[in-house]
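Down below is the structure, laid out as C-alpha cells.
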Amino acid sequence: ASDSVSVSQFPTLNRYIMGKTGDKELAILLMALQLACKATSRACNKAGIAMLFGLAGEVNSTGDDQKKLDVLSNEIFIDALTNCGACAVLVSEENEDPIFVPQEKAGRFVVAFDPLDGSSNIDCNVSTGTIFAVYEKQHSGPATVNDILRTGNDITVAGYCMYGAATELVITFKGHGVHRFTLDPSLGEFVHIQARVKLPEGGGKKIYSCNEGNSRNWDAAIKSIIAKWKDSDKPYAARYVGSMVSDVHRTILYGGIYLYPADAKSKHGKLRVLYEGFPMAFIMEQAGGSASCGMFKGKIQRLLDIVPESIHEKCPVVIGCNRDVDAVLEEYKIQGLVL
Ligand code: P6P
C-alpha cells in the first residue's frame, strides 16, 4: 500500500501495519503496545492531579497506594504484552529477570522495553518516553533468554513513544522506514502524520546533545570533537533534555548528534543495550543517520553489531546525522586512538 493516506481513511497504526505487512500477529502486538502507551500517557497527564488532590487516580479497586509512574507504566506494559497472545518473552528495564509468557498465551515475538525512560523528569513535567525493540523467535519451542541476547541487526520493529506536548509514537519496521503517529485523544488512536522520516539533508542543524557534566571523564577524542564544535566559526548549539526519547526525537527531526559516551568512570557508558541503545540505533539508521558506540572494548564499534551477553548490559551511544557521527569517528583517528 502507498505511504500516503487521506484522513477519511483513519490512517491508524493498525491500518498501516496490515497494509504494509499483512501480519495479524504483529498487528496484535502493536495494538497491545499502543494500549500501554495510551495508558501511560494518561497516567503521566493525571499524575500531578492525582497526587495533588489525593484522588484515587491510578489507585486500583483494592486501594493500592499511588504507584510511582515508572512502576505503574511497567505493570501496564507487562500486562498488555503478556495477555495479547503475541509475545513469548519480555525484558523490561524495571525487571531484573526476563518475563516468560505462559505457553498457553505465548506468541512468536520477543520485546525489550524501557516503560518510562527519563522518568526522573516526570516531577518537573519534562517530557519522557517509552522505548522498545521487537524480535521474532527463530524456533517454535519455548522462549529462552537467548531469543533476546542477539545482535541488534535482528530487530524486526523498533520504536519509542514520547509523552510530550503531544503523545507521539515513532515506529520503524525493518525495510519500511521510520513513521510518525500522533495520538488523537478524541479517537484514542495513533494517527499517521509522517511517512519515511529522514534526517535533514547534510545533517541539519548543528546541535550536539550530551551531559557535559561528565566531560572531565571523557576520552581525548570526545573532549576534542566537542571543543571543536564549540570553537567552530558557527558554533554548535548545546541541547540536552536528559530524556533520551526527547533528545533523539529532536536529533532525527532537526539534525545533529546525541552522545552518551563511555568515560573513565563508566567504561560501558550509562545507557542499556537492549532497550535504549539498540532501538534508537535501529531507528536512527533507518532514518538515514548513523549509530556507533565510538571506541568500545578497544575498537570503533557500530552499535547494532553488538551481541549482548546479559539483558541489562550497557554500551556507549554516539548516534545522529552522518556528518557529526563521522566527525567523532574521524577524531578518534586524529587523536591516534584508532590503530
Ligand atoms: P544523565 C534517563 O535516565 C536516561 O536513561 C536517558 O533517558 C537520558 O538520556 C540519560 O539517562 C540521562 O543521563 O546522566 O545525563 O542524567
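The selection criterion, being part of a loop (DSSP other than H, G, I, E, B), of a type in the set (S, T, Y) and either within 15 Å of the ligand (Cβ to nearest atom) or in contact (Cβ under 8 Å) with a residue 40 or more places away in the chain (or both), does not hold for Y208. Residues considered: P98, P142. Of these, the only one that is open to solvent by 10 Å² or more (accessible area, probe 1.4 Å), away from the ligand (no atom under 16 Å from the Cβ) and within 24 Å of V245 (Cβ to Cβ) is P98.
Each row is one residue, and each column tells you yes or no for (1) modelled with pLDDT under 95; (2) more than 18 Å from T156 (Cβ to Cβ); (3) in a helix (DSSP H, G or I).
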| residue | (1), (2), (3) |
| --- | --- |
| D3 | yes, yes, no |
| Y16 | yes, no, yes |
| L33 | no, no, yes |
| M51 | yes, yes, yes |
| K67 | yes, yes, no |
| S73 | yes, yes, yes |
| I78 | no, yes, yes |
| L81 | no, no, yes |
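Would you mind finding the one in A195, A158, A165 that is small (G, A, S), more than 14 Å from the ligand (Cβ to nearest atom) and within 17 Å of L29 (Cβ to Cβ)? Reasoning before the result, please.
Values: A195 fails: within 17 Å of L29 (Cβ to Cβ); A165 fails: within 17 Å of L29 (Cβ to Cβ).
Among A195, A158, A165, only A158 is small (G, A, S), more than 14 Å from the ligand (Cβ to nearest atom) and within 17 Å of L29 (Cβ to Cβ).
Only residues that are within 16 Å of the ligand (Cβ to nearest atom) and open to solvent by less than 60 Å² (accessible area, probe 1.4 Å) were counted across region 101-134, and they come to 18.
Kindly establish whether T151 is open to solvent by 10 Å² or more (accessible area, probe 1.4 Å), closer than 17 Å to L304 by Cβ and more than 15 Å from the chain's Cα centre (by Cα).
Judged against the criteria, T151 is a match.
When Y258 is tested against (1) more than 14 Å from the ligand (Cβ to nearest atom); (2) open to solvent by less than 30 Å² (accessible area, probe 1.4 Å), just one condition goes unmet, and that condition is (1).
Might you let me know whether region 237-244 holds any residue that is small (G, A, S) and surrounded by 22 or more Cβ atoms within 10 Å (Cβ to Cβ)? Yes, some residue in region 237-244 is small (G, A, S) and surrounded by 22 or more Cβ atoms within 10 Å (Cβ to Cβ).
The values are calculated or read from the model by the stated rules, or taken from the named source; none is laboratory data. The structure displayed is predicted, hence computed values, not measured ones. When we count neighbours, we look across all protein chains shown, and the Cβ atoms used for this are built from the backbone with ideal geometry, even at glycine. To get the accessible areas, we keep the full protein, side chains included, count just its heavy atoms, and leave off ligands, DNA and RNA. Shrake-Rupley method; radii C 1.70, N 1.55, O 1.52, S 1.80 Å.
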